[in-house]
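Participant: Dumping the structure here so I can ask a few things about it.
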Amino acid sequence: MNVEDIKDGSEGPKMILVTGATGTIGRPLVDILHAEGANVRALTRDPQAAGLPADVEVTEGDPSLPGTVASSLEGVTSLFLHPRAAGDGAAELLALARERGVKRVVVLSAVNVDDDLAVQPSRYRGDRNKEVEEAAVGSGLEWVSLRSGPFAINTLHSWGSQIRAGDVVRGPYATFSEAPVHERDLAGVAARALLTDELIGRKMELTGPQPLTHEEMVATIGDVIGRPLRYLEIPPEAAAQSMLQHGFPEPFVEALLARYAREAGQTARLTDEVGKILGRPARTYAEWVADHAVAFRN
């Protein structure tokens, strides 16, 4: 994301601690904050493998074990908190952050955070969106919650190997619809929440700009990379078996396929919050594919 995506309102250099700093959202967030002139401290479990800009401070720690993060909080004014990184340690970490003088927390959450916990697939892969958001709201700090829709990059993880191997993507529920959001847009909103006072106290639902079915997303990938891709619907049982063989936890597979079954044929949840906050249209799924075309080809 370009510097112009963050408009006025910046108060000058700050010390911002980013958890999950080498991940899908944390990595572009570090780049945006760095370009904007903020002092960035990137928290990671493996500093040697971080691969961050040379003048970004990299510090070692595990947010799920708050005691390992205490020294990294010194001098920090704002904190970006990733729910998978923090896990069940979020409340303790935020209490420690407040003691150390941190003033603001921006937490990544999800649009389905208020759904029954049992039907939230991401919980079975380690996300604790509900607990981390509640910890932020009750922390006594200024807070912002970014309730993200599905990451566009999930489609690369789901379909990338099939697309690299051929022109047919096999999967369940061709008519299931989502509005995938570009990770750079989420990072841009997070940066605005960290650098300005505009979003304090808000829980924002952040989606991509258009609902697309599985079938339409695969066709879009094909259009962008110049190949005649198509989505071939297979029975849910076959899809489940394939996911289990690829190492996905059984509870995650069950919850995900149950969600597909409930929502197939429905229009995906859609908001225009990204465009309102960034002052420009949210990036389309086709733009996201263009940014990741090499990964689909090679």
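The values are calculated or read from the model by the stated rules, or taken from the named source; none is laboratory data. The shown structure was predicted, so the numbers you read here are calculated from the model rather than taken from an experiment. As a convention, Cβ positions derive from the backbone with ideal geometry for all residues, glycine included, and neighbour counts pool all protein chains shown.
Participant: So, in the stretch 9-27, how many residues would count as being touching a Gly at 6+ places or on another chain (Cβ under 8 Å) and either more than 13 Å from Ala86 (Cβ to Cβ) or free of Cβ contacts under 8 Å to residues at least 40 places away in the same chain (or both)?
Facilitator: The total comes to 5.
Participant: Tell me, which residue of the stretch 77-89 that is in contact with a strand residue (DSSP E or B) (Cβ under 7 Å, 6 or more places away or on another chain) and within 20 Å of Tyr124 (Cα to Cα) is surrounded by the fewest Cβ atoms within 10 Å (Cβ to Cβ)?
Facilitator: Residue satisfying both the conditions and the ranking: His82.
Participant: Determine, yes or no, whether Ile234 is of a type in the set (Val, Ile, Thr), touching a residue at least 60 places away in the same chain (Cβ under 8 Å) and over 29 Å from Thr22 (Cα atoms).
Facilitator: So Ile234 passes the test.
Participant: Could you look through the stretch 31-59, keep only residues that are at pLDDT 90 or above and acidic (Asp, Glu), and pick out the one that is surrounded by the fewest Cβ atoms within 10 Å (Cβ to Cβ)?
Facilitator: Glu57
Participant: In addition: Given (1) closer than 17 Å to Val218 by Cα; (2) touching a residue at least 60 places away in the same chain (Cβ under 8 Å); (3) surrounded by fewer than 17 Cβ atoms within 10 Å (Cβ to Cβ), identify the lone condition not met by Val294.
Facilitator: Among (1) closer than 17 Å to Val218 by Cα; (2) touching a residue at least 60 places away in the same chain (Cβ under 8 Å); (3) surrounded by fewer than 17 Cβ atoms within 10 Å (Cβ to Cβ), Val294 violates only (2).
Participant: Follow-up. Does Val113 qualify as being without any contact (Cβ under 8 Å) to a residue 60 or more places away in the chain, among the hydrophobic types (A, V, I, L, M, F, W, C), within 30 Å of Leu256 (Cβ to Cβ) and assigned to a loop (DSSP other than H, G, I, E, B)?
Facilitator: Spelling it out, Val113 is indeed without any contact (Cβ under 8 Å) to a residue 60 or more places away in the chain, among the hydrophobic types (A, V, I, L, M, F, W, C), within 30 Å of Leu256 (Cβ to Cβ) and assigned to a loop (DSSP other than H, G, I, E, B).
Participant: Scan the stretch 68-89 for residues that are free of Cβ contacts under 8 Å to residues at least 60 places away in the same chain, at negative phi and in contact with a Lys or Arg (Cβ under 7 Å, 6 or more places away or on another chain) and jot them down.
Facilitator: Ser72, Leu73, Glu74, Pro83, Asp88
Participant: So, one more: For the stretch 151-168, which residues satisfy the criterion of being in contact (Cβ under 8 Å) with a residue 40 or more places away in the chain and in contact with a strand residue (DSSP E or B) (Cβ under 8 Å, 6 or more places away or on another chain)?
Facilitator: Phe151, Ala152, Trp159, Ile163, Asp167, Val168
Participant: Shifting gears a bit: Select from the stretch 169-215 the residues that are hydroxyl-bearing (Ser, Thr, Tyr) and in contact (Cβ under 8 Å) with a residue 60 or more places away in the chain and write down the one among them that is surrounded by the fewest Cβ atoms within 10 Å (Cβ to Cβ).
Facilitator: If we take residues in the stretch 169-215 being hydroxyl-bearing (Ser, Thr, Tyr) and in contact (Cβ under 8 Å) with a residue 60 or more places away in the chain, then Thr175 is surrounded by the fewest Cβ atoms within 10 Å (Cβ to Cβ).
Participant: Return the residues of the stretch 216-234 that are surrounded by fewer than 19 Cβ atoms within 10 Å (Cβ to Cβ) and either among the acidic types (Asp, Glu) or part of a strand (DSSP E or B) (or both); say none if nothing qualifies.
Facilitator: Across the stretch 216-234, the qualifying residues are Glu216, Asp223, Arg230, Leu232, Glu233.
Participant: Which members of the stretch 16-56 meet the condition of being of a type outside the set (A, V, I, L, M, F, W, C) and part of a loop (DSSP other than H, G, I, E, B)?
Facilitator: Correct list: Thr19, Gly20, Thr22, Gly23, Thr24, Gly37, Arg45, Asp46, Gly51, Pro53, Asp55.
Participant: So which residues in the stretch 35-67 are within 20 Å of Leu195 (Cα to Cα) and free of Cβ contacts under 8 Å to residues at least 24 places away in the same chain, if there are any at all?
Facilitator: Pro53, Asp55, Glu57
Participant: Of the residues that sit in the stretch 249-271 and are within 19 Å of the chain's Cα centre (by Cα) and in a loop (DSSP other than H, G, I, E, B), which one is farthest from Ala174 (Cα to Cα)?
Facilitator: Within the stretch 249-271, the match that is farthest from Ala174 (Cα to Cα) is Thr271.
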